[in-house]
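Beneath this line is the structure, given in structure tokens, with notes to follow.
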Amino acid sequence: MGGYGSGRYMRLGVKNARRVSQFQTVDIRQVRKAHGLTADTPARIEFVYGLRNGPQSIQVSAPVVWVAYPYGLRPFFECPGCGRRCCLLYLAEQCACRQCLGLSYPVQFETKQNQGFRRAWRARLKLVQPDGHSGCGDWIPDWKKPKGMHWRTFERLRNEAHQAAVELWGGPVGQGILQQQAKDAEKLDSLFNRIAARNAPQPNGH
Ligand SMILES: [Zn+2]
């Protein structure tokens, strides 16, 4: 019974009000196919969408990065929220990757992760809007001070934002994410090595 679909649903059945399937997505692989993206075309996708019970016009401008794989280049979005590379952008109140939106997926420390990211981003959003080029731990330069804001206020908000990011990335949640990323990178490396070894000419012709 129930093939791939139902198995997938079961896995997503974690306690979280927001499910991945609630949001429409933009998939860079489809965009590439549909619009014939190549590595030498402008590396930025812009679009507008609306939500049924929310803002009617949300503008998105997401940079595209090309990453070298053994069989050519593959495009990824740079998440407008955190700058991470991703294939899917979720169309929520803010267009971002699933980590940013805290969407439920088989990830441990789900709730804490959401809290950490939400806190870090909420603090940062008082001063900077996501532009796809900076993550929530990046330094906020002086010229980002909003017009009319006192320097003292700016510095306090900036400290709060950085403190939240330090707590996120220094804490168990951020460390867990970094470890996972390192593990993924290792897996990818060993995969590439296997491919390279298979394609290499046999040394003594057996
Ligand atoms: Zn993100």
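Read-outs throughout are calculated quantities, based only on the coordinates presented, and are distinct from any laboratory measurement. These numbers come from a predicted model, not from an experiment. Note: ideal-geometry Cβ built from the backbone for every residue, glycine included; neighbour counts use all protein chains shown.
Assuming charge only on the beta carbon of Lys and Arg (+1) and of Asp and Glu (-1), the dipole of region 20-101 about its Cα centre is about 220 debye to the nearest 20. Listed peptides 176-182, 83-89, 52-58 appear in the order 83-89, 176-182, 52-58 once ranked by packing, highest mean of other Cβ atoms within 10 Å at the front.
The distance between label points at Phe192 and Ala34 comes to 3.1 nm (points 7 Å beyond Cα on the Cα→Cβ vector).
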